[in-house]
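The values are calculated or read from the model by the stated rules, or taken from the named source; none is laboratory data. The shown structure was predicted, so the numbers you read here are calculated from the model rather than taken from an experiment. Every residue, glycine as well, gets a Cβ built from its backbone with ideal geometry; the counts of neighbours run over all protein chains shown. Quick note on the areas: whole protein, heavy atoms, side chains included, nothing else; ligands and nucleic acids left out. Shrake-Rupley method; radii C 1.70, N 1.55, O 1.52, S 1.80 Å.
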Amino acid sequence: MTTGRLLPYVNELSGEVPATIMGQSYTIATRYSSGSPTPQSSFMANTYMIERLQRLGLAVTTHTWNASRPANIIAEKPGLDPNAGIVIICAHLDSTASGSPTTLAPGADDNGSGSVAVLLAAEILMHYNFDATLRFVLFTGEEQGLYGSTAYAQLVQN
């Protein structure tokens, strides 16, 4: 893996350069998932990641834990053995800015790089078969108190 593969995604996800989302050029100004100055931006970041995971051929679903905030994103590569379990590869997609969370929060290092690592792991692992199911999960609401991951953990426990 080289920085040449990582940087384009990180630059798009952190608003350094515009991304193509739903066929349109859009700059993701922030991924703060609660009350940001541009709330649609965090929803567009979700759409960006969903589109990229779908292009890999993954089945992508969302897990809404709060109707007014972006949902968790779950992409799955089924395993060969239904009894082999599930391996989760995850990161949090939202970001915050130091000092004031209501300022723009592009978050290249919090956690744009981790989110891109999940995307690239999916890209690489799609070419292999595994007994276990691989689940690629991007959580939201983590900067406000681990809300997305907590809600997801409760969902899969039941």
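Please verify whether region 69-77 includes one or more residues that are exposed (fewer than 15 other Cβ atoms within 10 Å of the Cβ) and either of a type in the set (F, W, Y) or over 15 Å from G145 (Cα atoms) (or both). For region 69-77, residues exposed (fewer than 15 other Cβ atoms within 10 Å of the Cβ) and either of a type in the set (F, W, Y) or over 15 Å from G145 (Cα atoms) (or both): absent. Among the residues of region 28-43, are any among the charged types (D, E, K, R), open to solvent by less than 40 Å² (accessible area, probe 1.4 Å), over 24 Å from F130 (Cβ atoms) and in a loop (DSSP other than H, G, I, E, B)? Yes, the conditions are met somewhere in region 28-43.
When region 1-26 is filtered for residues that are in a helix (DSSP H, G or I) and either in contact with a Pro (Cβ under 6 Å, 6 or more places away or on another chain) or among the small types (G, A, S) (or both), only G4 remains.
Considered as a group, the residues in region 48-82 that are basic (K, R) and touching a Phe, Trp or Tyr at 6+ places or on another chain (Cβ under 9 Å) include one that is farthest from Y128 (Cα to Cα), and that residue is R69.
Is it the case that G57 is on the phi > 0 side of the Ramachandran plot, part of a loop (DSSP other than H, G, I, E, B) and modelled with pLDDT of 90 or more? Taking the combined requirement at face value, the residue satisfies it.
Filtering region 108-158 to residues that are more than 13 Å from the chain's Cα centre (by Cα), more than 19 Å from T61 (Cα to Cα) and hydroxyl-bearing (S, T, Y) leaves only Y128. Among the residues making up region 97-140, those that are polar (S, T, N, Q) and either at pLDDT 95 or above or buried (at least 22 other Cβ atoms within 10 Å of the Cβ) (or both) are N111, S115, N129, T133, T140. Among the residues making up region 15-32, those that are touching a helix residue (DSSP H, G or I) at 6+ places or on another chain (Cβ under 9 Å) and of a type in the set (S, T, Y) are T20, Y26, T27, T30, Y32. Only residues that are at pLDDT 95 or above and in contact with an Asp or Glu (Cβ under 8 Å, 6 or more places away or on another chain) were counted in region 62-96, giving 4. Scanning region 39-59 for residues that are closer than 14 Å to V118 by Cβ and either within 11 Å of the chain's Cα centre (by Cα) or among the hydroxyl-bearing types (S, T, Y) (or both) yields A45, N46, Y48, M49, I50, R52, L53.
Scanning region 107-158 for residues that are of a type in the set (S, T, N, Q) and assigned to a helix (DSSP H, G or I) returns N111, S113, S115, S149, T150, Q154, Q157.
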